[in-house]
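Below you'll find the structure I mean.
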Amino acid sequence: MALVSAYVVRKGSAGDWATFQFPGIIWLNTTILVASSVTLELARRRLSKSDLSGFRALWWISTVLGFAFLAGQIFVWRQLFDQGVFMASNPASSFFYLFTGAHAMHVLGGIGALLFVALRNFDLAKVSRATAAEVTSYFWHFLDALWIFLAVLLYLGR
């Protein structure tokens, strides 16, 4: 929230804030991330019904959607590069790259957690698969909600 506060203050404090074409693919990426949260919840429900194969299939779909989101973000950054919008171009682009890059790094960590749950042998683990899936889903859903907030903030703050 400190960065969001800095964003709002910086945007209103100087005349060097230069807008740029907001990449529309951000909304597709948002849809992908929301879909990954839906499939993650469906996976957890399957697990609670002891449907391990259904859980695994939906969990992997969530993981693939996470990778698709990251690929989409790379595409967004390429679009900005093609427009000549770089991190150092102006404060607006700096914040855009900072917010989207930091979020991408957190999504990468979330994908690591998804892979951990997908690939871990829980037979001898001290934590159950259900507990690991639940904790991972909390983080993933938080990332999803945060992304929606950031996408709207960046769109409205252009």
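Placing +1 at every Lys and Arg Cβ and -1 at every Asp and Glu Cβ, with all other atoms neutral, what dipole size does the chain have around its Cα centre, in debye to the nearest 20?
The dipole magnitude comes to about 280 debye.
Show me, for the range 26-36, the HN-Hα J-couplings you get by feeding each phi into the Karplus relation (A = 6.51, B = -1.76, C = 1.60, θ = phi - 60°), rounded to Hz, glycine and proline as x.
My calculation for the range 26-36 gives 3, 6, 5, 4, 5, 4, 4, 5, 5, 4, 5 Hz in order.
How much of ILE74 can a 1.4 Å solvent probe reach, expressed as accessible area in Å² and rounded to 10?
Answer for ILE74: close to 100 Å² accessible.
Okay, moving on. Based on the mean of other Cβ atoms within 10 Å per residue, sort peptides 4-13, 36-45 so the most packed one is first.
36-45, 4-13
Here's something else I'd like to know. Rounded to the nearest 500 deg cm²/dmol, what is the calculated helix-only ellipticity per residue at 222 nm for the chain, with -39500 (n - 2.57) per DSSP H run of length n ≥ 4?
Computed ellipticity for the chain at 222 nm equals -28000 deg cm²/dmol.
Next question. Provide, in order from the shortest bin, the percent of all Cα-Cα pairs of the range 21-64 in each 10 Å bin, continuing until the bin that contains the maximum pair distance.
Result, from short to long distances: 32, 38, 19, 9, 2 percent.
What number comes out for the charge environment of PHE95, summing +1 per Lys or Arg and -1 per Asp or Glu over other residues with Cβ under 13 Å away?
Here the count lands on +2.
Which of these, ALA118, ALA14, ALA71, has the largest mean-square fluctuation under a Gaussian network model of the chain (Cα springs below 10 Å)?
Judging by the Gaussian network model, the answer is ALA14.
Could you grab the relative contact order for the chain? Cα pairs under 8 Å, six or more apart, rounded to a whole percent.
About 31 percent, as a whole number.
What per residue convex hull volume, in Å³, do the alpha-carbon atoms of the range 1-128 yield?
122
Oh, and also: Provide THR131, THR30 ordered by accessible surface of protein heavy atoms (probe 1.4 Å), highest first.
Solvent-accessible surface, decreasing: THR131, THR30.
Also, quick follow-up: Please find, in a Gaussian network model of the chain (springs between Cα atoms separated by less than 10 Å), the residue of GLY15, GLY112, GLY84 whose mean-square fluctuation is greatest.
Highest fluctuation among the options: GLY15.
If you don't mind, another one. Under 13 Å from the 7 Å Cα→Cβ point of ALA14, by amide nitrogen: which residues of the range 79-100?
88-95
Another question, then. In what sequence, largest accessible area first, do ILE25, ILE61 appear using a 1.4 Å probe? Don't skip to the end; give the middle numbers.
Values: ILE25 35, ILE61 80 Å².
From most exposed to least exposed: ILE61, ILE25.
Once phi is turned into θ = phi - 60°, what whole-Hz ³J(HN,Hα) does the Karplus curve with 6.51, -1.76 and 1.60 give for every residue of the range 64-81, x standing for Gly and Pro?
4, 5, x, 5, 5, 4, 4, 4, x, 5, 4, 4, 4, 5, 5, 4, 5, 4
Go through the range 5-12 residue by residue and turn each phi into a ³J(HN,Hα) via Karplus (6.51, -1.76, 1.60, θ = phi - 60°); whole Hz please, and just put x for glycine and proline.
Running phi through 6.51 cos²θ - 1.76 cosθ + 1.60 with θ = phi - 60° gives 4, 4, 4, 5, 5, 5, 4, x Hz.
For the chain, with a Gaussian network of springs between Cα atoms less than 10 Å apart, report the residue from VAL85, VAL34, VAL135 with the top mean-square fluctuation.
Looking only at VAL85, VAL34, VAL135, the biggest GNM fluctuation is shown by VAL135.
Then there is this: For all pairs of alpha-carbon atoms in the range 1-76, what percent lies in each bin of width 10 Å, listed from the first bin to the last filled one?
For the range 1-76, the binned pair fractions read 18, 27, 27, 17, 9, 2 percent.
If ligands, DNA and RNA are left out, what is the accessible area of ASP123 with a 1.4 Å probe, given in Å² to the nearest 10?
It works out to around 130 Å².
Taking all protein chains together and a probe of 1.4 Å, list LEU58, LEU98 from the most accessible to the least accessible. Please list the in-between numbers first.
On the way: LEU58 30, LEU98 65 Å².
Largest accessible area first, the list is LEU98, LEU58.
The values are calculated or read from the model by the stated rules, or taken from the named source; none is laboratory data. Just so it is clear, the model here is predicted, and its values are computed rather than measured. Cβ atoms come from the backbone with ideal geometry, glycine included; neighbour counts cover every protein chain shown. These accessible areas exclude ligands, DNA and RNA; they are computed on the full protein's heavy atoms, side chains included. Shrake-Rupley method; radii C 1.70, N 1.55, O 1.52, S 1.80 Å.
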